[in-house]
Structure formats: C-alpha cells, structure tokens
Amino acid sequence: MTSSISKISDRTEQPPVIISHPGDVAGSQLRLTRDLKQILHLTIDSDRTWSRVKVVRAAPLTHPDRYISFLDEKGVEICMIDDPGSFNEETLNIINEELDRRYLTSTILSVRSIRNEFGTSYWDVETDRGEREFVVQNAEEHVRRLGSHRLLILDVDGNRFEIPRLEKLDRKSLGMIERTL
Amino acid sequence: MSQFNESKSHFIEQLPETVLDKVGKAIGPFEEVTIQVTTDMVDTHRYGSRWLVVTNHRLLVLAPDDSTPEDMQISMQSLKTVHMEPMVGGGRLMLVPYDGESVCLFYSNSLSLKFAEVAEGIKRLIDGDEPNLPLEMDQTRCHKCNRLLPEKGGICPACIKKTDTLFRLLGFIMPYKTQALLLVILTLFTAMLQLAPPYIIKFIIDDVLTTGQSADQLYFYVGLLFGLSVILWVSEIVRRWLNTWVGFRAIEDLRTGLFGALQLLPLRFYDKRKIGSLISRMNNDSELVEDYMIFDAPFILSNAVLVIGIIILLFTMNWELALFVLLPVPPIIIVASLVWDYLEDYWRRWSIQWSRLTTHISESINGIRVIKAFSQEAYEGERFEEHNQSLRKASVSSERSWLVFFLMTNFFMSFGAFFVWYFGGLQILDNKLQLGELMAFIAYIWMLYTPLQWFSDYYSFIVRAFAGAERIFEVIDANSEPFDQTDAVPMPLIKGHVNFRKAAFAYDPGKNVLRDIDLEVRPNEMIGLVGESGVGKSTLINLITRFYDASRGSIEIDGVDIRDIRLADLRSQIGLVAQQSFLFNGTIAENIAYSKQDASFEEILRASYAANAHEFIIKKPDGYDMLVGEQGRRLAGGEKQRIAIARAILHDPKILILDEATSSLDTATEKKIQEAIARLVAGRTTFAIAHRLSTLRAANRLVVLDAGRIAETGSHTELMARKGIFYRLVKTQQESSAIMAVKG
Ligand SMILES: Nc1ncnc2c1ncn2[C@@H]1O[C@H](COP(=O)(O)OP(=O)(O)OP(=O)(O)O)[C@@H](O)[C@H]1O
Ligand SMILES: [Mg+2]
C-alpha cells in the first residue's frame, strides 16, 4: 500500500475535518487527480490530501448535476459541493468521468417490444448503450415517474433504465409503454 | 445465447468460435482453464461482451470479434490482486498487476453475483489455492425456453402451462371428489334438461295448435313442461348447494396452503416485496380463484354443454337455417380476439390503480400519528385524491371498453336472428318449414347467443383467476426454508459452542456487509458486539438464527455446520430479543407465552419477574390480561422491550441473542434488567448488542466490528488498554454522559 493511505488511518487522534456543508468549501479549492494506478486523489487548498476518493451524487435522480459529494476510502464524506461550475477544468473532467462510470443508468431510445404477463413485463429496448432485454416485476413499484415526463425503470436485477423525456419517444414506443403502465 | 444452456459449470461458459481461436493461440497445451465467463458490457458506455478466461498461468480478456487491439493478457505471477468495485446499476472487476495499469471488466447488475464469485475465485488462485467456485448459481434464464426469468432461480411463467395450473386447481378439489363428480353430472343433467322446453313448444305449435286437435295432447305437453320445470328447479337447488359446499372447501384449503407457505418463506423473500402486495395475494388473488371455483367454472361447464347441445339440435332440425345462425359467430370471435389485448391492458391498469390506492390507505392509517404530528392531513388528502382520480379514470375507461365490446358483439348477434326470421319465413311460405320449428329455432338462437356472448367474459374471468392462481402457486412453490431437510442433523441438546469460520455475507451481491468473520465462542460465554450503526451487528446475529445464510465461509454450532442442523432444533434453542420488539395483538400473558405456548401462568410470572416486567404489568387495570393492541401499540417502548425479554427468558434458550434489548429503558430500569440479564445468561451462550456500552458489563469478551470485519476482541480492560476503536467509543460516551460511564 502507498504511504498516503497509512497516514490517513493514523489520523485517528486528530479531529476530522468537517467541511461538508456546501458553503464551507468552494469548488475552486478542490483538485482531483488520478495517478497511474487509476487511484483518485483529492486535494483541498493544496494541503490536505485524500486517496481512493469516491465521487458520488447526493440526489442522482432529482439533482444529477448538483450536490456532488466526495467520500474517502471508508465512505465518509469529505465535502460536498453544491455547484460544480466552480471546479477547474481538469477536476471537472475527472468528476464527470467518475460520475459517468458510477451511474450505469441507460437511456431508453426506443422500445422494440414489451410483453406483459401477470404483473411481469419483458422489455426489449434500444438504449444509448446498445440493445438490451430486461424483466420488470410489479411495474407499479419498479417504474418510477419523476415529474410528469421522466421515467425511471428498475429491472429485477437492479439495473436502471431511464426515459428522460417521454414525449420525445416515437409514437409506437410510447404506446407500448403507456399500455404497460 | 447458447452459453446458458450447455455449460459444464456455471463458471465455464461456452465460448464463441472467434474467442475459442484466440484462447487456443494464447494458452499452452497443458494449461487448465478454471474460469471462463462473459461480461455484458464492453465499457461503461456500451453493452456487449468481453470474455474473461483464467488459467493457472494467465488471465485473458478477449473481445468476441476478430479485432485484437483490446485483447489483453496478464500472467498470474504479475497479478497483485483483484477487486470488485460496485457501482450504481453494475460494477467493474479490476485486475490489478504489480506494475502497469489495471485492467477493468464491466458488468451490469445482472451479473454482479457471478463476478463476486469470480473475484473471490481469482483471489484464491493468486494465493495458489483452488478457485473453489460454487457449484450452483441461480438461473437467470429459463433452461427450457431460454427466456429471462422474472426472478433468479424462479419459475418461468411461459413454461408452466395453463393446463398445469388447471390441474393443480383441480387438485384442491380432489379431497371432495365424490361430491365434485356428482356436481359435474348434475351440471350436465340440468344443462340438457334446459334444451327440452323449446322442443316441446315446437310440438305444441305444430302438432296441437296448428292442427286444431283435441286438448288432450295440450294437457300432456304442458304437463311435461311443468314436470321438467320442477325437475330443473330441484336439480338446480341441489347443484348450487353442492357447488358452494365443494368450492368453498377447496378455497379454504388453498388459502391455508398459501398462508402456510408464507410462514415458511425465508426472510430474503420478504426483503424484496412490499407487505401490501403479499397481503393482496392473500386477499385478492384467492378471491379471484374463489369466484372462479364457485361461480365461473360451473357456469362455463354448463353453458358449454348447452352450446354444443343447441348446435347439434339446430343442425338436426334444419341444417340450412343452422348455418345462418352460426354466420355471426366468426366475426364475433375475430372482434373479440382483436380487442382482447386492449381489454386486458385496461383491466391490468385498473388493478394497478387499485393496489396504489390500497397501499396509500394502509400506509396513512399506519402512519396516522406522524401525519397528525406534522399536520399533513390536507397533503395526504390531496395525494389520496390523486390516486382516487386515477382509479376513477382507469375504471371508466375499462368499463367503457367493455361496454363497446359488449354492444358490438350484441349487434352482430342480432344479425343471426334477422337471418333466421327472413330465411325461415321464406321456407315456411314455401311449406318447407313448420311454424313450431321456426319458433324453436328462435328460442334456441337466444339460448345460444347469450352464453356465446358471455364466453368472452368468462375468458377474462378465467384469465384473471389463473393469473391469481399462478401468483398463489408462485408463493407456494417458492423455495421455503429447509424445515423438512431429511439429511439434517438432529440436535436436540445444543451445548452452545459457536464458531464462525471466515464467514462473509452480502444482502446484495458484491456489497459485503460482513467479511472474513472468524470468531470462536465457547459454551456459556457472553459476547458483547460493539460497533457503529450499520456496521452489521444485527446482520451477524441473523446468521446465527439462520434468517440468512452466510454467502461464504460457514458457522458451526458444536462442530456442525448450521446449514446441516435441523432448523427446528436450531431455532427452538435460540432465544432472540430483536431490535424492534414485536408484540402480537393479544394479552400481555399471551405475548410472553408466545415462545412457549403451553407455559403455565406460574412460568409466565417467573419470566416476567426476571425481566422486571412484572412491576409495570401489575399496575395495569387488567394486569396480565391487558390487550396490548396491534403491534403492542398501547404499551411504552420500554414496556414492550421488557415483555420481549420475558418472552426470551420463558423460552429458556441455549443460545441467547439480545439485539439492543435495553435501548428504550431509562438507566434505573436498565440497571434492574442488567441484573435480570446477568441471571439469565448463566448457562447460556449469549450474544448481546448494545450501543450503551455499560449494558455489556457482564460480557466475557467484547467484539468490535468495523467496516464489516472484526477489528478488536478482548475483555473490557484489554480493549481499553489497547486504545483503539473501543477506547474511543467509550471515551465519546463518557464525554456525552457522565452517568452512563462504564466502570472498568
Ligand atoms: N434486509 C436488508 N437488505 C439490504 N440491506 C440491509 C438489510 N438489512 C440491513 N441492511 C444493510 O446492512 C448493513 C448492516 O445492517 P445491520 O442491521 O446489521 O446494522 P447494525 O450494526 O445492526 O446497526 P444498528 O446498530 O443501527 O442496529 C446496513 O448498511 C444496512 O443498511
Ligand atoms: Mg441492528
């Protein structure tokens, strides 16, 4: 293990740095870097450093572009940034990469078929990641409407599919979805 | 996707040709492939597949197409470690070499269980061990039709035939087969009797009225009609009486079976489902089946007999006219099959809206205190109105579509009558047909069309009832806890030696809550489990009670793997005071005696004294006979806890588990319970969880959990001397409350 990690676990006697309120740290104070081993390092004000940092969204569904939270190796929040507009470009790129990788939600572009059988529906769709078949059970529980036009679908394995704007789908797909819900 | 069908092991999947070639080129002749699996994502942006092939010498990551630039190879010696990185909706497997960049394989959640095993297997290979992969993995696709299964390892709804469901339903009638047989015979008999009156009318018109013969024959025919009505009436009474007798008994058995199955299902089954939807299975689905057995099935049977009988009669009377009668039938069938899907969709939407409304009602009644406390009555009202409105809309549109369907078929049918009047009338004018025959024809037409029209309706009843029956059978068929495992080791007298061997557990694959738990507990030892909230303390004890089974490693009691111990023996010797004390709707005495139904009142008293519950019970006007209300609503939190402790004491278990058993008690009461517990733990192996560390004073050993692992073990003094996690926990508590300070 690298030396920076062991230092962190020794940090026990020091009081933890509590700067999790969005107002306390500005995005411009943060710097994210990735080393050769793909390990993420977060530096605040160029004097405090954390390794193996995780970047997560606080509200991935309702506020996907705001409230970005940085967690340390153990999953304890280091800080949260309300508005990612203030990050420098390199950091922002890494943040976007990380978020992109973490949230594997596919966007459904069109629906090829939906078959309904006794509370279970079998979907065959075209997504931004390619074709996919999946099964949804109890549509009333696992298809969430977010606002009036957005749909989040959770399949039996816990994979996520999103339809950001229902009205943008073609009529055929829309018809099939409407009939299922 | 042939790899799902023909693989030898779940971790040696069938390779496509191109990959097979690549593997052939990459590995030596005597290299043994131990793992050979596919992912379902190329990277985070594309679905597709990558193959991971592991031999004792190297790991290959291969693309399924001819292109090679993305293919990679790592030798086993240069691999430092592998780890899984769970993400939201999937994850990645990172192969980390000593130097150079890590190689990642991406997979969606559908495969995370498989890759969790693969990661562990590779880790063991790195250590030079056998990969030791599990032999069984839950199937994701049906092995017959290869369709995705609604539930891993579950049944394929496409492959269970409708007739199977029918036969299983019939199976519930089998205990009453004499009555059922009688019922069928009676049904056929009454149906055939119904065919007679129009035919008699034909004779009255043709042989009596139009020929102007004497009234003698009229007496005879009318007498016959009357006699038939009486017979019909009597047999109808007997039929219905029998029908309800058999039907309700079968339904009772079905419901008992369902409830019994629900009791035996493992907790994992409940984790995935809303209580409301299970209750709806219990209520609505069995009602659907009930309606079917009591009303629809006999109706269908008798009407089917009627329809067939009428058609035969019509053709023997006059085949030309009979053809005209049948003319509207094909269009009706075509229309019905065309609109059928839509009707079903409407009906499904309606039932979804119903279940939303019911869920909301039950939730708001359960949470009425919270609603009132935050004065959100108006908000709940609005939400209800929303659901109510959607239900109305769904009801209106489903009713409307039924109506349109109904009227349309009716319209087609009236054509049949027109044809018969017209062509029959012509035949009468030509003297080819008699008036009585025509009248009988017309009567038969309506007897024929009415059931025909309802057949589509019956079809919907059947579909609904079968859907209900299948949902019920799904619960009945779900893997229940292995209570009746025949090769289980009986263990009527547990000594209390508990040994965790490298046990690990995950509620969701890949997200281990516990890992590498090694802990040996001697008989009669008291273990205090400590750790911050969410670290997995309750989970650890859930493994002892076998509410869940360890995903890896094992737990032994007296040297026997608990998976091999007879479940009834195991549970009957474990006493649990759970974190959320649950009381049943009944009296205090009944709740204490829940663990030992035949306990005498003296025993109950003794247990309640020992739990220090007696002092508050005696103050209640009804004492031990006080009704506690649903979920013990009428008792204080601390009172409920003490009843739960008394229940465990009465159970007299060999292994005692106290999960936050004293969290709702004030310090004075807790002190009393301390004494009770001290008395109780003698002669038992005890696991106690407590946030208030003073509660664990009596423990022989404290086990500190951190990040799912055992971080520290030792006596209170040892752990304090160590100045680790426990020391810090104690210090924080001392700071926050001087009263609760732990004495060394
Ligand atoms: N049925 C479940 N399904 C999925 N995850 C669960 C389930 N039960 C618990 N968890 C998760 O497992 C982790 C450990 O939970 P557990 O109940 O064992 O914690 P605990 O140590 O008992 O906490 P506390 O002291 O607050 O009772 C938590 O992160 C929790 O969210
Ligand atoms: Mg707990």
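The values are calculated or read from the model by the stated rules, or taken from the named source; none is laboratory data. Computed from a prediction, not measured in an experiment: that's the story for all the values here. Please note: Cβ atoms are built from the backbone with ideal geometry, for glycine as well, and neighbour counts cover all protein chains shown. Surface accessibility is based on the protein's heavy atoms, side chains included, excluding ligands, DNA and RNA. Shrake-Rupley method; radii C 1.70, N 1.55, O 1.52, S 1.80 Å.
Computed quantities for the displayed model
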item	result
The listed residue being open to solvent by less than 20 Å² (accessible area, probe 1.4 Å), over 21 Å from the mean Cα position of the chain (by Cα) and away from ligand 1 (no atom under 16 Å from the Cβ), out of B:GLU520, B:GLU525	B:GLU525
B:TRP245 vs. criteria on the phi < 0 side of the Ramachandran plot, of a type in the set (Phe, Trp, Tyr) and over 31 Å from the mean Cα position of the chain (by Cα)	no
When residues of the stretch B:636-692 are limited to those that are among the basic types (Lys, Arg) and under 31 Å from the mean Cα position of the chain (by Cα), the one nearest to ligand 1 (Cβ to nearest atom)	B:LYS640
Residue within the stretch B:535-547 that is open to solvent by 50 Å² or more (accessible area, probe 1.4 Å) and of a type in the set (A, V, I, L, M, F, W, C) present	yes
Subset of the stretch B:582-591 (residues that are under 25 Å from the mean Cα position of the chain (by Cα) and open to solvent by 30 Å² or more (accessible area, probe 1.4 Å))	B:PHE582, B:PHE584, B:ASN585
Test for B:GLN77: is it in a helix (DSSP H, G or I) and either surrounded by fewer than 17 Cβ atoms within 10 Å (Cβ to Cβ) or at the interface with chain A (Cβ under 9 Å from one of its Cβ atoms) (or both)	yes
Residue match in the stretch B:501-514 (condition: within 14 Å of chain A (Cβ to nearest Cβ), surrounded by fewer than 17 Cβ atoms within 10 Å (Cβ to Cβ) and at pLDDT 80 or above)	yes
Flag if B:ARG684 is within 14 Å of another protein chain (Cβ to nearest Cβ) and more than 16 Å from ligand 2 (Cβ to nearest atom)	no
Selection status of B:GLY154, surrounded by 14 or more Cβ atoms within 10 Å (Cβ to Cβ) and modelled with pLDDT under 70	yes
Strands (runs of 3 or more DSSP E) completely within the stretch B:505-557 that count 2 or more residues being within 15 Å of ligand 2 (Cβ to nearest atom) and not acidic (Asp, Glu)	B:511-521, B:526-530
Qualifying residue in the stretch B:604-612 (condition: among the hydrophobic types (A, V, I, L, M, F, W, C), under 37 Å from the mean Cα position of the chain (by Cα) and open to solvent by 20 Å² or more (accessible area, probe 1.4 Å))	no
Residues of the stretch B:634-674 classified as free of Cβ contacts under 8 Å to residues at least 24 places away in the same chain and in a helix (DSSP H, G or I), total	2
Failed item in (1) modelled with pLDDT of 85 or more; (2) in contact with a helix residue (DSSP H, G or I) (Cβ under 6 Å, 6 or more places away or on another chain); (3) over 21 Å from B:LEU665 (Cβ atoms), with B:TYR624 passing the rest	(3)
Tally, over the stretch A:44-67, of residues that are more than 14 Å from chain B (Cβ to nearest Cβ) and either in a helix (DSSP H, G or I) or open to solvent by less than 50 Å² (accessible area, probe 1.4 Å) (or both)	3
Whichever residue in the stretch B:565-580 is assigned to a strand (DSSP E or B) and within 16 Å of ligand 2 (Cβ to nearest atom) and, among such residues, is least open to solvent (accessible area, probe 1.4 Å)	B:VAL577
Among (1) more than 30 Å from B:ASN303 (Cβ to Cβ); (2) open to solvent by 20 Å² or more (accessible area, probe 1.4 Å); (3) away from ligand 1 (no atom under 16 Å from the Cβ), the one test that B:VAL498 misses	(2)
Residue within the stretch B:660-675 that is at pLDDT 75 or above, more than 14 Å from every other protein chain (Cβ to nearest Cβ), within 16 Å of ligand 2 (Cβ to nearest atom) and on the phi > 0 side of the Ramachandran plot present	yes
Entirely in the stretch A:93-153, the strands (runs of 3 or more DSSP E) that have 3 or more residues that are modelled with pLDDT of 85 or more and within 12 Å of chain B (Cβ to nearest Cβ)	A:105-117, A:120-127, A:130-137
Per-region count, the stretch B:677-706, residues at negative phi, surrounded by fewer than 19 Cβ atoms within 10 Å (Cβ to Cβ), assigned to a loop (DSSP other than H, G, I, E, B) and of a type in the set (Gly, Ala, Ser)	1
A:GLY147 being open to solvent by less than 30 Å² (accessible area, probe 1.4 Å) and farther than 20 Å from B:ASP345 by Cβ	no
Pairs where the first residue, in the stretch B:524-540, is away from every other protein chain (no Cβ under 14 Å) and the second is within 8 Å of ligand 1 (Cβ to nearest atom) and among the charged types (D, E, K, R), C-beta under 9 Å, 6+ apart	B:LEU529/B:LYS537; B:LEU529/B:ASP659; B:VAL530/B:LYS537; B:LYS537/B:ASP659; B:LYS537/B:GLU660; B:SER538/B:ASP659; B:SER538/B:GLU660
Filter result for B:GLU85 (of a type outside the set (Lys, Arg) and under 18 Å from B:LYS511 (Cβ atoms))	yes
Hits in the stretch B:528-551 (condition: of a type in the set (Gly, Ala, Ser) and under 26 Å from the mean Cα position of the chain (by Cα))	B:GLY536, B:SER538, B:ALA550, B:SER551
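Condition check ((1) in contact with a Leu (Cβ under 6 Å, 6 or more places away or on another chain); (2) at pLDDT below 90; (3) more than 16 Å from ligand 1 (Cβ to nearest atom)) across all residues:
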{"site": "B:GLY536", "(1), (2), (3)": "yes, no, no"}
{"site": "B:GLY559", "(1), (2), (3)": "no, no, yes"}
{"site": "B:ARG563", "(1), (2), (3)": "no, yes, yes"}
{"site": "B:ASP598", "(1), (2), (3)": "no, yes, yes"}
{"site": "B:TYR609", "(1), (2), (3)": "no, yes, yes"}
{"site": "B:HIS614", "(1), (2), (3)": "no, yes, yes"}
